[in-house]
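The values are calculated or read from the model by the stated rules, or taken from the named source; none is laboratory data. None of these values were measured; they are calculated from a predicted model. Methodologically, a virtual Cβ is constructed for each residue, glycine included, from the backbone with ideal geometry; neighbour enumeration extends over all protein chains shown. Calculation scope for accessible area: heavy atoms of the full protein, side chains included, ligands and nucleic acids excluded. Shrake-Rupley method; radii C 1.70, N 1.55, O 1.52, S 1.80 Å.
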Amino acid sequence: MNKIVRFFRKSPHEKMAAVIATLKHAAGLGRQLEPDERLINHRWAAPGAIRANSPYYLALRPDSDMNFHLFPELQELGEVWVKKNERRNAGDLPRLYALVLNIRHLLEEEIPGDFAELGVWRGNSAAVLAHYARKSNRTTFLFDTFEGFDQRDLKGLDREHGMEFEDTFLPAVKQVVGEGDVVYIPGYFPESLPPGLTSRQFSLVHLDCDLYEPIKAGMEFFFPRLAPGGIMIVHDYANPHWKGVGKAVNEFLAPRPERPVLIPDRSGTAIIRKSTA
């Protein structure tokens, strides 16, 4: 019991290190876990479809994956999820599962429309969207400056931020995401919108642009074009570092019936499902 108490007194970083050490040790020795270790991960199993030496650790696998192996595509998705971005995504397994579960759910319900992402950076989440879009004969539209923040957006709540996410470029993103059934649209949004896109319908839109102005523009353009039952996923909604994100979303939704549902990932993602009424 003292071991359990000591575990919960640890910092989040120390807890994760303890979980990783436990899983690596158990996987290497094939031994039975001790009682306090079972409290951390009470149904540890071999990684299965995902490589055991993957750069992220499977301490938070849901039963649907760990016990029933319902996501054989995670072998492929796990690799692109951390490609050229291990520091940010290696520990963000809840976010990956949230994307997978929600995308598969809307495909099962046959919600019509293409996929889109505003704020692509290195293409990790875009690669997940593109994987499912290809399998369901949809197109993925990817919007980004592919040069980092635009100076015009660093004002108001966001004036404290400097230029960030400049460490990317379009050819590198294409190596992660691929080019089949994917349309890359570089430039400043919404100025970058091609004319023909205004008539498109979307079933899934992922907003990950950190700042008030692009989030506001993304909500204003995509939400009216989201199919009934479609899903809007907003990264950093509950992240205190990016205060403009939640403000832009809340202002837009204020006169509407939809409300965000938060998930416990690394950066406070919110999921909004458009009403079918």
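Taking all protein chains in place and a 1.4 Å probe, what share, in percent, of the accessible surface of region 129-198 do carbon and sulfur account for?
Details: 1770 of 3570 Å².
Of all accessible area on region 129-198, carbon and sulfur atoms account for 49 percent.
All other residues with a Cβ under 10 Å from the Cβ of F252 taken together, and with Lys, Arg as +1 and Asp, Glu as -1, what is their net charge? Display every interim value, and only then the final one.
Values: positive: K216, K247, R256; negative: E220, E251, E258.
Result for the local shell: 0.
Using DSSP to define loop residues, name the GluC sites (Glu not before Pro) in region 132-218 whose beta-carbon has at most 13 other beta-carbon atoms within 10 Å.
Details: sites: E147, E160, E164, E166, E179, E191; in loops: E147, E160, E164, E166, E179, E191.
Answer by residue number: E160, E164, E166, E179, E191.
Rank these residues by their accessible area, most exposed first, probe 1.4 Å: L157, L142.
Values: L157 75, L142 0 Å².
Result of the area sort, largest leading: L157, L142.
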Taking amide H positions as placed 1.01 Å from N in the peptide plane, with prolines and chain starts having none, which residues 5 or more places from G229, or on another chain, fall under 5 Å of its amide H?
-> K274, S275, T276
Cα-derived Rg over Rh, computed across region 102-231 with Rh taken as Kirkwood radius | 0.96
Accessible surface of D167 in the full protein assembly, 1.4 angstrom probe, to the nearest 10 Å²?
-> 90
Work out from phi, with θ = phi - 60° and the Karplus expression 6.51 cos²θ - 1.76 cosθ + 1.60, the ³J(HN,Hα) of each residue of region 66-83, listed in order in whole Hz, and give x for Gly and Pro.
-> 5, 9, 10, 6, 7, 10, x, 6, 5, 4, 6, 5, x, 6, 6, 5, 10, 4
